[in-house]
Amino acid sequence: MTATGMSTHRPMRVGLTGGIASGKSLVARLFRGLGVPVIDTDDLARVVVAPGTPGLERLVGEFGARVLKPDGTLDRAGLRTIVFSDTASRRRLEEILHPLILAELEAASSAAGGAYQIHVIPLLVESRLEKKMDRVLVVDCAEESQISRLKSRDGETEAGARRILDSQATRKERLAIADDVILNEGSEKDLVPLVALMDGFYRDLAASGQFSAPGLRLP
């Protein structure tokens, strides 16, 4: 449990997270297909660094014009290369972007409505935003499944995939803040009924106004 235990006449907020290649984007899409408002912080992260925004100006001020493409847009791949192996640079990046993304998230949440909302936050553990959520839903799978998917989906090498996993919060750290868990070791077909069950659970919680019910783990 995270932010509040009782409804304050607003939608219940569910923070959806998971490691890379865990299937969180697929789970989010299935929730959206059930009519649930879904707000993805990856989308908001693009909004706050669009050309002409204070966010982009601050990134250029911090890291230089090398983070820009010739057309003036952010070179996201280049920026990732800069901060990937440099902890200090990554922290400076987070200090710039996180407050901007959080402000966009609050605005989007206020406008989205719904009985409950899914807020997709890949770096929920790292950004310590769990306290902003009413519940945390973790899409979980074994690390070997993540590595296999990265190799087949993105063409990563074994070593490259493990480096990516090492740069993120651990499976144990994510599960430690989870209220609810969907285990994704199968196919999209396997996820459909699990998301439907979780949707029913969340709708009941939202209707009751009691957000702090015992967690649900599926399957």
> Can we say Leu194 is in a helix (DSSP H, G or I), out of contact with any helix residue (DSSP H, G or I) (no Cβ under 8 Å at 6 or more places or on another chain), open to solvent by less than 30 Å² (accessible area, probe 1.4 Å) and aliphatic (A, V, I, L, M)?
Replying inline: yes
>> If the requirement is being over 29 Å from Ile82 (Cβ atoms), touching a residue at least 40 places away in the same chain (Cβ under 8 Å), assigned to a loop (DSSP other than H, G, I, E, B) and under 16 Å from the mean Cα position of the chain (by Cα), which of these qualifies: Ala178, Ala169?
In response: Ala178
> In the range 34-86, which residues are free of Cβ contacts under 8 Å to residues at least 60 places away in the same chain, open to solvent by less than 20 Å² (accessible area, probe 1.4 Å) and under 17 Å from Ala107 (Cα atoms)?
Replying inline: Ala45, Val48, Val49, Gly55
>> Condition check: outside any loop (DSSP other than H, G, I, E, B), of a type in the set (D, E, K, R), under 22 Å from Arg128 (Cα atoms) and open to solvent by less than 80 Å² (accessible area, probe 1.4 Å). Does Glu95 satisfy that?
In response: no
> How about the range 166-190: which of its residues are in contact with a helix residue (DSSP H, G or I) (Cβ under 6 Å, 6 or more places away or on another chain) and of a type in the set (A, V, I, L, M, F, W, C)?
Replying inline: Ala169, Ile177, Ile182
> Considering only residues of the range 98-124 that are small (Gly, Ala, Ser) and outside any helix (DSSP H, G or I), which is least open to solvent (accessible area, probe 1.4 Å)?
Replying inline: Gly113
>> Every residue in the range 135-162 that is surrounded by 13 or more Cβ atoms within 10 Å (Cβ to Cβ), basic (Lys, Arg) and part of a helix (DSSP H, G or I), please.
In response: Arg149, Lys151, Arg162
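Table: residues versus (1) over 23 Å from Arg58 (Cβ atoms); (2) at pLDDT 95 or above.
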position	(1), (2)
Thr87	no, no
Pro99	no, no
Pro122	no, no
Ser127	no, no
Arg163	yes, no
Ile182	yes, yes
> If Thr81 satisfies every condition in (1) more than 30 Å from Ala206 (Cα to Cα); (2) not in a helix (DSSP H, G or I) but one, which is the exception?
Replying inline: (2)
> In the range 1-15, how many are part of a loop (DSSP other than H, G, I, E, B) and either modelled with pLDDT under 95 or out of contact with any Gly (no Cβ under 7 Å at 6 or more places or on another chain) (or both)?
Replying inline: 9
> When you go through Arg203, Arg217, Arg174, Arg153 one by one, which is the residue that is over 18 Å from Leu16 (Cβ atoms) and not hydroxyl-bearing (Ser, Thr, Tyr)?
Replying inline: Arg153
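The values are calculated or read from the model by the stated rules, or taken from the named source; none is laboratory data. Since the structure is predicted, the reported quantities are computational estimates derived from the model, not experimental observations. Don't worry about glycine lacking a Cβ; one is built from the backbone with ideal geometry, like all the others, and counts go over all protein chains shown. Only protein heavy atoms, including side chains, enter the accessible area calculation; ligands, DNA and RNA are left aside. Shrake-Rupley method; radii C 1.70, N 1.55, O 1.52, S 1.80 Å.
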